[in-house]
Amino acid sequence: MTQQTGAAESGPSSAATLDNLLSENRTFPPSEEFALAANATQALYDEASADREAFWGVQAERLHWDTRWTQVLDWSNAPFAKWFVGGRLNVAYNCVDRHVEAGHGDQVAIHWEGEPGDTRTITYADLRREVAKTANALISLGLSAGDRVAIYLPMIPEAVFAMLACARLGLTHSVVFGGFSAEALRTRIDDAEASLVITSDGQNRRGKVLGLKENVDTAVRDADSVRNVLVVRRTGNEVDWDDSRDVWWHDLVDGQSEEHTPEAFDAEHPLFILYTSGTTGKPKGILHTSGGYLTQAAYTHHAVFDLKPDTDVYWCGADVGWVTGHSYIVYGPLANRATSVMYEGTPNTPHEGRWWEIVQRYRVSILYTAPTTIRTFMKWGSEIPAKHDLSSLRLLGSVGEPINPEAWMWYREHIGAAATPVVDTWWQTETGGIMISPLPGVTAAKPGSAMGVLPGISAKIVDENGAEVSRGGGGYLVLDQPWPGMLRGIWGDEQRFRDTYWSRFRDESGPIYFAGDGAKYDSDGAIWLLGRVDDVMNVSGHRISTTEVESALVSHSSVAEAAVVGAADATTGQGIVAFVILRGGDADSADEGAALVKQLRDHVAKEIGPIAKPRQILVVPELPKTRSGKIMRRLLRDVAENRELGDVTTLQDSSVMKLISSGLAKPG
Ligand code: WTA
């Protein structure tokens, strides 16, 4: 189920996996105790189906509005939605100040834990002060509402301060994952025309200090839009400095006033841009706005994670560089006054029990992570979590890729004491918040299934022609009603927005949203996600497009042509496998071949980031192409997954596959 094949292209092994999945008939209802105390009950489904828009109006009441909206949804200019029309609010005020004003200033907002073992405890009162100071600092740099700010930081509290300070001032942030390369950062800075970059001197990774500022130095060289670089001192390593441009965080922020009066912005004011991979090489700047986004983040965090702000300790193990970090580390939990854990480092530094030590220390009660991480923990062995007291955990969540039933079961058994509900949550950067998930106090969950749409959301699985498939059938996942957290566009590219999401399927009322995922209903109508049906790979829960990696490979002087596929991988979901044709033919010796393969992997890391490094690079004499010249990735995937070859009749030259298969003994 971790393959890229969906309804469009079911290879033999995906069919086998499907059968396996659909025979899954274990169900795990919540305990009576959990169900009785749950935030969300069956009534929520009833309310939402009675009147969807009225339902979202009620959910928006979770927030403080300076001006109430006059209309819940304006869909007259579809696919451009306006939610909570006429409403005005300040997102940061909602996440911070109002909790302090309500008497919760002493409640811990963030238990932060650095990789080397240093810690910080940040209460809501502290957070209010830090965000106000940061906002005042950004004003002193001349920024004003509507300007774009790139944030390229490790998992340190300043990342949260910076995001909230932007939100407070109506600046649109673009967080770029710290694992992306200088090149990738530059593309994102240019596309958004960011005037400020916030970064740090370095980051801690597996006990080592990695540079970060140096990537920014490379990225902003001759970047027209960037006026300043604001630098947090985190690791104390040496950095190059440009006095006319660079400012230390501690020099600028520490001395600022702790007072800042928030201003209300329109519900549709741009809150952030987050770049994600599409089917072409150029990443898409997914645009999210304020009122609807925050409503859905807060509502889903309340309903799916069952947060009780006075007693729970919540931990989402994502990075703020991804949408999961935006919605479920920053905006959702803080809007709901959660006490959260935030961890800077990797799970095995300094030892493989680090996460469980943290759960035990802070008495974490809700944990949210990705299947890749769970499978890694499985590999390390259940005796590692068993050494720690995990009895505080009462709810577990999964996100980012399909979770295989084995990982789901292991998670519940070894982390959740065979008792906690497990919620498998499906959503995307584009959806802003969770769309498909069990409700932990209601749903009898099946291991491996995201089960059903949340109250207020509408989705279905359709065939090629847009007709809904029946139970037991598979096809394409579509979202056939607008939702508050939906993307409002692709930054600067209206046509691409229409083409990518809204042109494939329509119903009687107009265009509907195509998610790019394959899915299936089982005989009970539960939804099983099957992975992407486009040229997007999912590696450890990270979206990477095949074209992006191909472009990186062909930008190397030795490569004439490249084709990239995502092949099933037991730990990472998919692994990147590249097939390359060298300029001037084959490498002369095995050693030379091995050296070149290493060079190419490093080259991809430099162009995109280490997450995009191919797991395997195979040097081949030819690539399989259709008569119209399109690379047949399906066949390459068969090779990469050691499967019998599928149908080769549409190949321009069917002997190519023999050549490729016979070349597989090559180094790499
Ligand atoms: C995949 C991450 C199966 C899916 C929040 C989607 C999932 C893409 C699940 C979005 C899940 C996410 N089960 N697949 N529970 N959650 N996906 O934008 O292919 O980084 O389209 O957002 O991840 O990835 P993104």
Seminar exercise, completed: Of (1) in a strand (DSSP E or B); (2) closer than 14 Å to Thr339 by Cβ, Val96 fails just (1)
Exercise. Only one residue in Val320, Val304 is part of a loop (DSSP other than H, G, I, E, B), within 16 Å of the ligand (Cβ to nearest atom) and buried (at least 22 other Cβ atoms within 10 Å of the Cβ). Which one?
Worked result: Val320
For this session: For the stretch 82-93, name all the residues that are surrounded by fewer than 20 Cβ atoms within 10 Å (Cβ to Cβ) and in a loop (DSSP other than H, G, I, E, B).
Result: Gly86
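Tell me the residue from Pro447, Pro402 that is under 26 Å from Lys379 (Cβ atoms), in a loop (DSSP other than H, G, I, E, B) and near the ligand (Cβ under 9 Å from one of its atoms), please.
Details: Pro447 fails: near the ligand (Cβ under 9 Å from one of its atoms).
Being under 26 Å from Lys379 (Cβ atoms), in a loop (DSSP other than H, G, I, E, B) and near the ligand (Cβ under 9 Å from one of its atoms) holds for just one of Pro447, Pro402, which is Pro402.
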For this session: Output the residues belonging to the stretch 511-524 that are within 12 Å of the ligand (Cβ to nearest atom), surrounded by fewer than 24 Cβ atoms within 10 Å (Cβ to Cβ) and of a type in the set (D, E, K, R).
Result: Asp517
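Regarding Leu367, is this residue at negative phi, crowded, with 17+ Cβ neighbours inside 10 Å and touching a Cys at 6+ places or on another chain (Cβ under 9 Å)?
Yes.
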Problem set entry | Residue count, the stretch 550-570 (criterion: within 25 Å of Gly325 (Cα to Cα) and within 16 Å of the ligand (Cβ to nearest atom)) | 2
Seminar exercise, completed: Picked from the stretch 525-538 (must be of a type outside the set (Phe, Trp, Tyr) and at pLDDT 95 or above), the residue nearest to the ligand (Cβ to nearest atom) is Leu529
Exercise. Do you know which of the residues in the stretch 168-213 that are of a type in the set (A, V, I, L, M) and in a helix (DSSP H, G or I) is surrounded by the fewest Cβ atoms within 10 Å (Cβ to Cβ)?
Worked result: Ala182
Problem set entry | Some residue of the stretch 427-442 being surrounded by 23 or more Cβ atoms within 10 Å (Cβ to Cβ), touching a Ser or Thr at 6+ places or on another chain (Cβ under 9 Å), at pLDDT 95 or above and closer than 22 Å to Ala570 by Cβ | no
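Do we have any residue at all in the stretch 349-363 that's away from the ligand (no atom under 13 Å from the Cβ), farther than 28 Å from Arg234 by Cβ and among the β-branched types (Val, Ile, Thr)? Break it down into steps so the answer makes sense when it comes.
Applying the first criterion (away from the ligand (no atom under 13 Å from the Cβ)) to the stretch 349-363 yields 349-363.
Imposing the further condition that a residue be farther than 28 Å from Arg234 by Cβ reduces the set to none.
Scanning the stretch 349-363, I find no residue that is away from the ligand (no atom under 13 Å from the Cβ), farther than 28 Å from Arg234 by Cβ and among the β-branched types (Val, Ile, Thr), so the answer is no.
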Problem set entry | Output for the stretch 214-230, where each listed residue is within 23 Å of Leu164 (Cα to Cα) and either at pLDDT below 95 or buried (at least 24 other Cβ atoms within 10 Å of the Cβ) (or both) | Val216, Leu230
For this session: Say whether the condition of being under 21 Å from His269 (Cβ atoms), open to solvent by less than 70 Å² (accessible area, probe 1.4 Å), among the aromatic types (Phe, Trp, Tyr) and not in a loop (DSSP other than H, G, I, E, B) is met by at least one residue in the stretch 66-77.
Result: no
Problem set entry | Residue count for the stretch 597-622, restricted to those that are at pLDDT 90 or above and surrounded by fewer than 22 Cβ atoms within 10 Å (Cβ to Cβ) | 15
Exercise. Filter the stretch 48-65 for residues that are open to solvent by 40 Å² or more (accessible area, probe 1.4 Å) and in a helix (DSSP H, G or I); which is nearest to Cys166 (Cα to Cα)?
Worked result: Val58
Exercise. Which residues, counting only those in the stretch 386-399, are closer than 25 Å to Trp322 by Cβ and either surrounded by fewer than 19 Cβ atoms within 10 Å (Cβ to Cβ) or within 16 Å of the ligand (Cβ to nearest atom) (or both)?
Worked result: Leu395, Leu396, Gly397, Ser398, Val399
Problem set entry | Members of the stretch 251-274 that are closer than 18 Å to Ala162 by Cβ, open to solvent by less than 20 Å² (accessible area, probe 1.4 Å) and either modelled with pLDDT under 95 or assigned to a loop (DSSP other than H, G, I, E, B) (or both) | Val253
Exercise. Glu101 versus (1) over 27 Å from the mean Cα position of the chain (by Cα); (2) assigned to a loop (DSSP other than H, G, I, E, B): which is the lone unmet condition?
Worked result: (2)
Exercise. Conditions: (1) within 16 Å of the ligand (Cβ to nearest atom); (2) among the β-branched types (Val, Ile, Thr); (3) over 17 Å from the mean Cα position of the chain (by Cα). Val313 meets all but one. Number of the miss?
Worked result: (1)
Exercise. Applying the selection to the stretch 405-430, what residues are more than 8 Å from the ligand (Cβ to nearest atom), of a type in the set (Val, Ile, Thr) and under 21 Å from the mean Cα position of the chain (by Cα)?
Worked result: Val422, Val423
Problem set entry | Only one of Thr279, Thr235, Thr289 that is open to solvent by 10 Å² or more (accessible area, probe 1.4 Å), hydroxyl-bearing (Ser, Thr, Tyr) and within 19 Å of the chain's Cα centre (by Cα) | Thr279
Problem set entry | Search result, residues across the stretch 136-167 that are part of a loop (DSSP other than H, G, I, E, B) and at negative phi | Leu141, Leu143, Ser144, Ala145, Asp147, Tyr152, Leu153, Pro154, Met155, Ile156
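The values are calculated or read from the model by the stated rules, or taken from the named source; none is laboratory data. Values in this document were obtained by computation on a predicted structure and should not be read as measured data. Here the Cβ is made from the backbone with ideal geometry for all residues, glycine too, and neighbour counts use every protein chain on show. Keep in mind that these areas ignore ligands, DNA and RNA; they rest on the heavy atoms of the full protein, side chains included. Shrake-Rupley method; radii C 1.70, N 1.55, O 1.52, S 1.80 Å.
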